[in-house]
Amino acid sequence: MFLALKEIKHEKLRYGLIIGMVLLISYLVYILSGLAFGLAQQNTQGVESWGAQRIVLDKDANTSLQQSLLTKSQTDKLTLSKSESYVGQSSVVAKGSKARNISAQFIGLDTKQYIAQDMKLTSGHQVNGANQVVVDSQFQQDGYKLGDTLKFNSKSQAYTIVGFTENAKLNIAPIIYGNLSTWRTLKNLPNSFTASGIVSKNAKYTTGITQLKSYDVHTFIQALPGYSAQNTTFTLMIGFLMVISIVVIAVFLYILTIQKLPNYAVLRAQGVPAKTLVQNTISQALLLVSGGLVLAIALTALTASVLPMGVPIGFNLPLLAVITVGIILTGILGAIIPVRLILKVDPVSVIG
Amino acid sequence: MSVIELTNVNKSFGVDTSKIDVLQNINFSAQKGEVSLIVGPSGSGKSTFLTIAGGLQTPSSGQVVVESETMSQLSPKARDALRLRKIGFILQAYNLVPYLTVAEQFQFVDRIKTQHNLSASDLNALLQDLDIANLVKKYPSELSGGQMQRVAIARALYPDPEIILADEPTAALDSERVAVVGQLFQDLARQRDKALVVVIHDMRLEKYADHIYEILDGRMKQAS
Ligand SMILES: Nc1ncnc2c1ncn2[C@@H]1O[C@H](COP(=O)(O)OP(=O)(O)OP(=O)(O)O)[C@@H](O)[C@H]1O
Ligand SMILES: [Mg+2]
C-alpha cells in the first residue's frame with residue numbers, strides 16, 4: 001500500500017488518466033444499464049403496481065392480455081375474492097385539448113375490486129361514475145390537469161380525468177384506468193363479455209374453467225409484445241460492453257505493471273519479497289478501479305437527476321451491484337495476469 | 001571467519017559455439033572487518049561475480065556459502081530473506097525507487113524489514129557523512145548522478161547488513177567524495193565489523209582496502 005499510494009501521488013497525471021478511463025467506462029455501463037432497465041420497467045410497472053402473481057387468460061390468447069376475452073358465461077361461474085380483479089385491456093389513441101395525441105393502454109377495472117380499491121393516487125379521486133378516468137402522471141407532464149377531458153380513437157364520447165397515478169405503464173405506454181363498460185365500448189363488445197383477463201395476488205389462483213389458463217406473472221411479462229426481444233438485445237449489449245471494458249481495463253493495468261518491472265527488479269535485488277510487490281500491484285489496481293467507480297457512481301447519479309422526465313432511466317440495485325463487483329474483479333484480474341511476470345522478474349537484469 | 005566463500009565457481013552463458021565463460025574457477029572469501037577490492041576492466045565479469053556472491057544468480061558450477069548457508073540449498077524465499085537480513089547491495093545503476101523521496105526510500109525499508117535498521121541518529125550521521133542530509137525531500141529525478149549514488153549507498157547501508165556488496169560505488173563521484181566513501185567503507189569494516197566486497201574498474205579505493213584482487217577475462221588473482 002505504501003508504494004502504491006506514493007506512486008499514485010507522484011505520477012498524478014498517469015494515474016489520473018487511468019482513473020478517468022475506469023470512470024468513463026463504468027459510467028457508460030451504468031448509464032446504459034440504467035436506460036435499459038428504465039425501458040424494461042415501462043413495460044411492466046403497471047402489472048407490478050397491481051401486485052399481480054397470476055394472470056388468467058383465454059388459453060388460446062397466446063398469453064396476451066390484448067388478445068384474450070372472458071365471456072359472461074365463463075365468469076358467471078366464478079366468484080372472485082378480494083385478491084382478484086377483472087382487467088379489460090385495449091390499446092387506444094388518446095386525444096385531448098393539450099399536446100399531441102398519446103398512444104396509451106386503456107385498462108378497464110371493476111371499481112369494487114382490489115386493483116381499483118388499492119390504487120394509490122397522487123391527486124384526485126378514484127373512478128366513481130360513468131365517463132371518468134384515472135391516468136398515468138405522464139399526462140400531467142404533458143399538461144393535463146384534473147377535470148380535463150380525453151377522447152379515445154375515433155369515438156366522440158369525452159372522458160374526464162378525475163385522478164393521477166404514478167408508475168402506470170404497460171408496454172411503454174401510459175395507462176388510462178376506467179371501468180369495464182368503457183372498455184367494452186372502446187372494444188365494440190356486447191355485454192356478453194366481462195373482461196380480458198383476471199389478475200390475482202394469489203400465487204395459486206386458478207379458475208377451474210378449462211378454456212381459461214392461469215399464468216404466473218413472470219411468464220406473462222416475458223410474453224408482453226417486444227419485451228423479451230428488447231431485454232435480450234440490451235442484455236447482450238451490456239454484456240459485450242462489460243467484456244470489452246474488462247479487456248480494456250485489464251490491458252491498461254497490464255501495461256502499467258510492465259512499466260514497473262525494472263523497478264521491481266531493483267527491489268527484488270535488495271531483498272524485497274515478491275509478495276510485497278504483488279500486494280502492492282493488486283492494491284494499487286483496486287485503488288484505481290474503486291476510485292474510478294466512486295466517481296462514475298457520482299456522475300451517474302448526477303446524470304439521472306438532470307435527465308428529462310421523458311427519458312426512462314431506472315436503477316436496479318442488484319444489477320448495479322453485479323456491474324460494480326464485475327468491474328472491481330476486472331481490475332484485480334488485470335493486476336493478477338502480470339503477477340507471473342513480477343514473480344519471474346530477474347534482479348540481475350538491472351545490474352550492469 | 002569468512003562470511004562469503006566461493007569455491008570453484010564457474011559461470012558461462014549460452015551453449016556450444018556461442019558459449020562464453022564469464023567466470024572461470026573462482027575461489028574467493030571475504031571476512032568480517034575487512035574491505036576486499038576487486039579490480040578489473042569493463043566486461044571482465046565483476047558484476048557477474050558480485051551477483052553470484054550475493055545469491056542473485058546461480059553459478060554454472062561451484063559452491064557459494066554465505067553466513068554458513070549454502071546458497072544452492074536454499075529455497076528462493078530463504079535466499080530473499082537472507083539477502084534482506086544480511087546483504088546490502090550497492091548497485092551499479094543507482095536504483096532508487098523513482099517515486100519515493102530520499103526520506104521515503106528509508107521509510108520503505110522500515111516497512112519490509114521492521115527490525116535492526118539504523119537508528120534515526122545513526123542514519124542522520126550517515127547522511128551527514130555522505131553530505132546528502134539536505135536532500136531528504138527530493139525525488140531521485142531531482143538529484144545529480146553523484147548525489148543519487150550516495151543516496152543509494154546510504155539506502156544499502158540503512159538495514160545495517162553484515163555484508164556489503166558494492167558495484168562501482170564511486171563511478172559518479174569526484175575524488176573528494178571517493179575519499180569520503182572509501183573512509184566510510186573502511187570505518188564500517190574496522191569499527192562495525194562488516195564485510196565489504198567492492199568491485200571497481202579503477203584503483204581509487206586502493207588505500208582503503210585490506211585485500212585487492214584482480215579480475216581479467218573471468219579469472220581472479222590476488223594482487224596484494
Ligand atoms: N545474462 C548474460 N548473458 C550473456 N552474457 C552475459 C550476461 N551477463 C553478462 N554477460 C557477459 O559477461 C561478461 C561480463 O559481464 P559483467 O557485467 O560481469 O562485466 P563487468 O565486469 O561488470 O563490466 P562493467 O565494468 O562494464 O560493468 C560480459 O562480456 C557480458 O557481455
Ligand atoms: Mg558491471
Using the Cα centre of the range A:54-202 as origin and beta-carbon charges of +1 (Lys, Arg) and -1 (Asp, Glu), tell me which of A:Gln157, A:Gln105, A:His125 is placed farthest towards the positive end of the dipole.
A:Gln157
For A:Ser91, what residues show an amide H to amide H distance below 5 Å, using hydrogens built from the backbone and excluding near sequence neighbours?
A:Phe106
Anisotropy class of chain B from Cα gyration tensor, a/c 1.5 cut
prolate
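Could you tell me the total accessible area buried at the A-B interface, probe 1.4 Å, in square angstrom to the nearest hundred?
Chain pair A/B: roughly 2300 Å² of buried accessible area.
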For the range B:47-144, state which trypsin sites (Lys or Arg not before Pro) are in a DSSP loop and have at most 10 other beta carbons lying within 10 Å of their beta carbon.
B:Lys137
Å² of accessible area per residue within the range B:18-155, as computed with a 1.4 Å probe and no ligands counted
42 Å²
Scalar couplings 3J(HN,Hα) for the range B:35-42 by Karplus 6.51 cos²θ - 1.76 cosθ + 1.60 (θ = phi - 60°), nearest whole Hz, x for Gly and Pro, are 9, 9, 10, 10, 10, x, x, 4
What residues in the range A:1-33 lose 50 Å² or more of accessible surface when the other protein chains are added to their chain alone (1.4 Å probe)?
A:Phe2, A:Leu3, A:Lys6, A:His10
Calculate I(q)/I(0) for the range B:127-190 by the Debye formula, one identical point scatterer on each C-alpha and no solvent, and give its log10 at q = 0.14, 0.18 Å⁻¹ to two decimals.
-0.38, -0.64
Using only the alpha-carbon atoms, how far is helix A:12-49 inclined from the longest principal axis of chain A? Give it as 0 to 90 degrees, nearest 10.
20 degrees
Classify the range A:54-202: rounded, prolate or oblate, from the alpha-carbon gyration tensor (a ≥ b ≥ c, eigenvalue square roots; a/c under 1.5 rounded; otherwise prolate if a/b is larger than b/c)?
prolate
Counting only protein heavy atoms and using a 1.4 Å probe, what share of the accessible area of the range B:97-216 belongs to carbon plus sulfur, as a whole percent?
46 percent
Residues whose placed amide H lies under 5 Å from that of B:Gln57, excluding near-sequence neighbours
B:Ile52
For chain B, built as a Gaussian network whose Cα springs stay under 10 Å, the top-fluctuating residue of B:Ala125, B:Ala154, B:Ala30
B:Ala125
Please report, in debye to the nearest 20, how large the charge dipole of the protein assembly as shown is about its Cα centre when each Lys and Arg carries +1 at its beta carbon and each Asp and Glu carries -1 there.
2300 debye
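With N residues in the range A:200-352, what two-decimal value do you get for its Cα radius of gyration over 2.2 N^0.38 Å? The partial results should precede the final answer.
Values: Rg = 24.7 Å, N = 153, 2.2 N^0.38 = 14.9 Å.
Rg over 2.2 N^0.38 Å, computed on Cα atoms: 1.66.
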Could you tell me which of A:Thr206, A:Leu236, A:Ala265 has its Cα farthest along the dipole of the range A:194-352 towards the positive end, charges placed at Cβ (Lys, Arg +1; Asp, Glu -1), taken about the Cα centre?
A:Ala265
From other protein chains only, count the Cβ atoms within 10 Å of every residue's Cβ in B:108-114, then give the mean.
4
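What value in Å³ per residue do you get for the convex hull of the alpha-carbon atoms in the range B:161-224?
That works out to 92 Å³ per residue.
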May I ask for the distance between the Cα centers of the range A:100-144 and the range B:38-90, given as a whole number of Å?
85 Å
Quick one: what are the phi-derived ³J(HN,Hα) couplings along the range B:59-68, Karplus 6.51/-1.76/1.60 with θ = phi - 60°, whole Hz, x for glycine and proline?
x, 5, 8, x, 10, 10, 10, 10, 6, 6
Pick from B:Val109, B:Val39, B:Val199 the residue whose mean-square fluctuation is largest in a GNM of chain B, springs joining Cα atoms under 10 Å.
B:Val109
One checks the Cα atoms of the range B:69-160 and finds Rg and Dmax, in Å, of 13.9, 44
Cα Rg, Dmax (largest Cα-Cα span) when computed across the protein assembly as shown, Å
39.9, 122
Using the alpha-carbon centroid of each, what span in Å lies between the range A:234-293 and the range A:15-81?
39 Å
Taking θ as phi - 60°, what are the ³J(HN,Hα) couplings along the range B:21-27 by the Karplus curve (6.51, -1.76, 1.60), each to the nearest whole Hz, with x for Gly and Pro?
8, 8, 10, 10, 6, 8, 10
Considering every residue in B:181-188, what mean count of other chain Cβ atoms within 10 Å of its Cβ is obtained?
0
Where only protein heavy atoms count, and the probe is 1.4 Å, what is the accessible area per residue for the range A:54-202 in Å²?
43 Å²
Past the 20 angstrom mark, what percentage of all C-alpha to C-alpha distances in the range A:143-281 do you count?
74 percent
What are the residues whose amide H is under 5 Å from the amide H of A:Phe193, where those residues sit 5 or more places off or on another chain and H is modelled from the backbone?
A:Lys72
In the protein assembly as shown, what % of DSSP beta bridges are antiparallel (nearest 5)?
65 percent
Per residue of B:95-104, count partner chain C-beta atoms within 10 Å of its C-beta, then hand back the mean as an integer.
5
With springs only between Cα atoms under 10 Å, which of A:Gly143, A:Gly20, A:Gly178 fluctuates most in a Gaussian network model of chain A?
A:Gly143
So, with a 1.4 angstrom probe, what is the percent of accessible area on the range A:54-202 that is carbon and sulfur?
45 percent
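The values are calculated or read from the model by the stated rules, or taken from the named source; none is laboratory data. Keep in mind the model is a prediction, meaning the values are calculated, not measured. Glycine also receives a Cβ, built like all others from the backbone with ideal geometry; neighbour counts cover every protein chain displayed. The protein model used for the area step is the full one, side chains on, heavy atoms only, and it has no ligands, DNA or RNA in it. Shrake-Rupley method; radii C 1.70, N 1.55, O 1.52, S 1.80 Å.
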